[in-house]
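Beneath this line is the structure, given in structure tokens, with notes to follow.
The values are calculated or read from the model by the stated rules, or taken from the named source; none is laboratory data. The model shown is predicted, which means the values in this text are computed figures rather than measured ones. Virtual Cβ from ideal backbone geometry, glycine too; neighbours counted across all protein chains shown.
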């Protein structure tokens, strides 16, 4: 009996010591987090990079790191991203095929552990990191079904319960991670119409549903405790469309002040930035090769509107996805670099963090956003290195030559 009492005493002392130590660590983390505002946090994020088409990739309803052709990610990749001047990485994650049935929706430990390994790569490289729920939503094809949830309260209750269960598990897995790690609720939630669908004629039902999901996300993360009690959280607007976000996003209530960041995406104009149908951009572009809208003024008008709505009211904004795909020919690449320089500098001037979408595709034309080899971390070519430098130089440098006016005045010459 005395032996058992001795062991119990030691065990209790150990628990008390661990509790005291953990409490001090949590207090230290909270103090470190409390020392900066959300606006300062967003500014420290700076220019970032997406590990796109990697953990968000899926096939036959099951997410897989290599499903869309990319090699497994390595520490060397993250080290190279940091060396190129990027300050944070966004790690999009699709959870399809890796969770069990209701009501627990238990996440497969192997998938979650691999995500944790990737987060460690970012931490080792000195990068901030963002983890989200990605293609589980989008066009309402999977369980994050905004179309069904907005018209059926029972369906919405099901989705809300799963969202809470998923984020509870994800947050618990990372509860001990420092504030270099941020969570982002979802990706581009829409009904299949990319912001031009039923959301325009349903009297705000989808927007209200989406806002409710954002509250569920915040509540679930905060309830897990640890460093999640004060972790910075990304709140995307509907479809991450800047205008729809400005007009309809209602920030969730949070029991910790000044910890929420608004997330949008920016690919204007799509015909130039994403699918490459237009090869020139801006005031010096050939009218026959340039989209009729989406020029420099569109960039500054959009970012000014985001600043006026959110940043000027103390709420930071980050652009979770932006970019422009690889081109054929030096003149087309010159316009690409000009676009990247201009957009990234315009964001920097307004204190907006911005994250390049790299899907790993080392081609040219439609959705060819690849910069880095996923296994070695090396740039695919001097061309992709120049594109990366166009972003990080224009965002990070503060000398008098890197101004929006100078970038504008040094656009590729007219033909």
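The table below lists the values:
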| item | result |
| --- | --- |
| Checking residue 210 against (1) farther than 27 Å from residue 267 by Cβ; (2) under 18 Å from the mean Cα position of the chain (by Cα), the condition it does not meet | (1) |
| Subset of segment 367-381 (residues that are within 14 Å of residue 336 (Cβ to Cβ) and surrounded by fewer than 15 Cβ atoms within 10 Å (Cβ to Cβ)) | 381 |
| Any hit, segment 164-175, residues being more than 19 Å from the chain's Cα centre (by Cα), modelled with pLDDT of 95 or more and crowded, with 21+ Cβ neighbours inside 10 Å | no |
| Top-ranked residue in segment 67-78 [being farther than 21 Å from residue 123 by Cβ and under 20 Å from the mean Cα position of the chain (by Cα); ranked as surrounded by the fewest Cβ atoms within 10 Å (Cβ to Cβ)] | 68 |
| Test: residue in segment 352-364 that is buried (at least 23 other Cβ atoms within 10 Å of the Cβ) and over 30 Å from residue 71 (Cα atoms) | yes |
